[in-house]
Amino acid sequence: MSSLRIIIAGGGTGGHIFPAVAIGHALQRLHPGVTLLFAGANGKMEMEKVPQEGFEIVGLDIAGFNRSHMFKNLLLPYLLLKSAWQAQRILKSFRPDAVVGVGGYASFPVLRAAQYRGIPTVIQEQNSFAGRSNRILGKKAKVICVAYAGMERFFPEDRLVITGNPVRRQIAQSALTRAEGQAWLGMDAGRKTILVIGGSLGARAINEAIDHALEQLLQEDVQLIWQTGRLYYEQAQKRAAASGGRVKVFDFIREMDYAYAAADIVVSRAGALAIAELCIVARPVIFVPYPFAAEDHQTSNAMALVEHNAAMLVKDNEADSELFRKLKHLLHDNTMQEVMISNLKHMAVRDADEQIAGQVIRAAKRDI
């Protein structure tokens with residue numbers, strides 16, 4: 001089998017990194033001998049997480065527009081120019097047959113440089129509302145792999161392929177039982193378990209809502225798996241200390257297959273990866289979308305499930321007042337839980353990683 005050389009560019013959060021890694025592993029399965037190189041942003045979590053998965057990664061000096069600290073944007077024009085130059089150097093040195101963009105800061109300069117050089121590019125658009133960068137890149141991409149219908153609003157229709165979003169294989173193919181998940185976490189299998197996840201970086205609104213309602217939640221005879229992110233970890237640890245072991249706090253959960261297996265109900269942000277995973281594991285879920293995501297795409301993502309009775313939604317600015325109320329209602333409504341589980345299963349895609357990898361291989365071989 002002839003060797004192929006592929007660059008996978010992007011990152012910034014687990015929602016971009018883990019799909020990239022899933023595509024990388026799928027490429028290795030479908031095309032043994034493929035040579036892979038990841039491109040990320042220096043200082044971002046992909047520079048640590050990708051090597052942990054056994055892949056080589058190079059970093060670009062790139063950042064996005066900072067809405068919180070405007071003075072930090074003074075260097076942005078310089079970083080954009082520098083990252084474009086770095087992307088050209090990476091392409092010249094590695095000589096890829098195709099470049100894949102999964103979103104995140106590093107994705108745009110690398111794909112833009114590849115398109116300038118005539119190298120086939122594949123976009124993996126995770127969300128139901130495409131971001132501006134991918135809309136620009138989509139004009140010259142060979143293939144755009146999407147997870148939602150109706151994406152011709154943003155991209156040339158003849159290049160769209162509905163693949164779903166890639167999920168880590170240990171989750172997509174997991175056979176873990178609830179009892180195994182509970183045992184791994186050292187929890188009481190006789191109690192209902194709520195998994196609270198705010199994405200790889202945590203979620204302030206979710207953390208504060210859980211913090212403020214913790215005593216009320218524990219009165220419902222439940223236990224919590226609480227993934228806080230780094231910034232809220234110490235505060236959550238203090239709050240969990242008096243729970244008698246019923247609240248397990250993590251800043252980051254690497255073994256999400258065990259956490260999902262142990263859970264009966266999930267509270268989550270509405271990133272594309274979280275949604276893809278929750279469809280596969282089929283756990284009743286309340287989404288609290290991050291309202292400042294580009295074009296408010298997390299709300300669009302969540303509504304695609306809410307409209308099919310597969311999830312509930314609480315607005316970020318109403319989490320403190322509404323999250324506990326809806327959680328309590330869902331905990332005691334077994335019929336609603338069963339409806340959600342059934343509808344989530346119908347929306348699950350387990351082989352998105354290999355579908356996307358197949359499109360990448362075709363693009364690299366110039367079969368598209």
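The values are calculated or read from the model by the stated rules, or taken from the named source; none is laboratory data. Keep in mind the model is a prediction, meaning the values are calculated, not measured. A quick note on method: Cβ atoms are made from the backbone with ideal geometry, for glycine too, and the neighbour counts reach across all protein chains shown.
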Flag if Ala213 is among the small types (Gly, Ala, Ser), modelled with pLDDT of 95 or more and buried (at least 18 other Cβ atoms within 10 Å of the Cβ): yes
Matching residues in the stretch 294-316 - criterion: being on the phi < 0 side of the Ramachandran plot and among the polar types (S, T, N, Q): Gln298, Thr299, Ser300, Asn301
Failed item, numbered, when Ile119 is tested on (1) at pLDDT 95 or above; (2) in a loop (DSSP other than H, G, I, E, B); (3) touching a Ser or Thr at 6+ places or on another chain (Cβ under 9 Å): (3)
Those residues of the stretch 54-102 which are modelled with pLDDT of 90 or more and either within 20 Å of Ala294 (Cα to Cα) or in contact with a His (Cβ under 8 Å, 6 or more places away or on another chain) (or both), in sequence order: Gly101, Val102
Single residue of the stretch 253-283 satisfying the filter (in contact with a strand residue (DSSP E or B) (Cβ under 7 Å, 6 or more places away or on another chain) and without any contact (Cβ under 8 Å) to a residue 60 or more places away in the chain) that is surrounded by the most Cβ atoms within 10 Å (Cβ to Cβ): Ala270
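Check the stretch 265-283 and report whether any residue there is touching a Ser or Thr at 6+ places or on another chain (Cβ under 6 Å) and farther than 27 Å from Glu53 by Cα.
First pass over the stretch 265-283, keeping only residues touching a Ser or Thr at 6+ places or on another chain (Cβ under 6 Å): 274.
Those left that are additionally farther than 27 Å from Glu53 by Cα: none.
The answer is no, given that none of the residues of the stretch 265-283 is touching a Ser or Thr at 6+ places or on another chain (Cβ under 6 Å) and farther than 27 Å from Glu53 by Cα.
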Residues satisfying the stated conditions in the stretch 109-131, i.e. in contact (Cβ under 8 Å) with a residue 40 or more places away in the chain, closer than 17 Å to Gln88 by Cβ and either surrounded by fewer than 20 Cβ atoms within 10 Å (Cβ to Cβ) or not assigned by TED's automatic domain parsing to the domain that holds Pro156 (or both): none
Scan of the stretch 314-336 for residues that are crowded, with 19+ Cβ neighbours inside 10 Å and either closer than 18 Å to Tyr290 by Cβ or outside the structural domain of Asn301 (by TED's automatic domain parsing) (or both), ordered by number: Val314, Asp316, Ala319, Leu323
Condition met for Leu218 (surrounded by fewer than 20 Cβ atoms within 10 Å (Cβ to Cβ) and in a loop (DSSP other than H, G, I, E, B)): no
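Condition check ((1) surrounded by fewer than 17 Cβ atoms within 10 Å (Cβ to Cβ); (2) in a loop (DSSP other than H, G, I, E, B); (3) in the same structural domain as Ala276 (by TED's automatic domain parsing)) across all residues:
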{"position": "Gly11", "(1), (2), (3)": "no, yes, no"}
{"position": "Ile17", "(1), (2), (3)": "no, no, no"}
{"position": "Ala20", "(1), (2), (3)": "no, no, no"}
{"position": "Ala26", "(1), (2), (3)": "no, no, no"}
{"position": "Gly33", "(1), (2), (3)": "yes, yes, no"}
{"position": "Leu36", "(1), (2), (3)": "no, no, no"}
{"position": "Gly40", "(1), (2), (3)": "no, no, no"}
{"position": "Gly43", "(1), (2), (3)": "yes, yes, no"}
{"position": "Lys49", "(1), (2), (3)": "no, no, no"}
Failed item, numbered, when Glu255 is tested on (1) closer than 24 Å to Asp211 by Cα; (2) acidic (Asp, Glu); (3) modelled with pLDDT of 95 or more: (3)
Within the stretch 148-194, tally of residues that are out of contact with any helix residue (DSSP H, G or I) (no Cβ under 8 Å at 6 or more places or on another chain), surrounded by 13 or more Cβ atoms within 10 Å (Cβ to Cβ) and assigned to a loop (DSSP other than H, G, I, E, B): 1
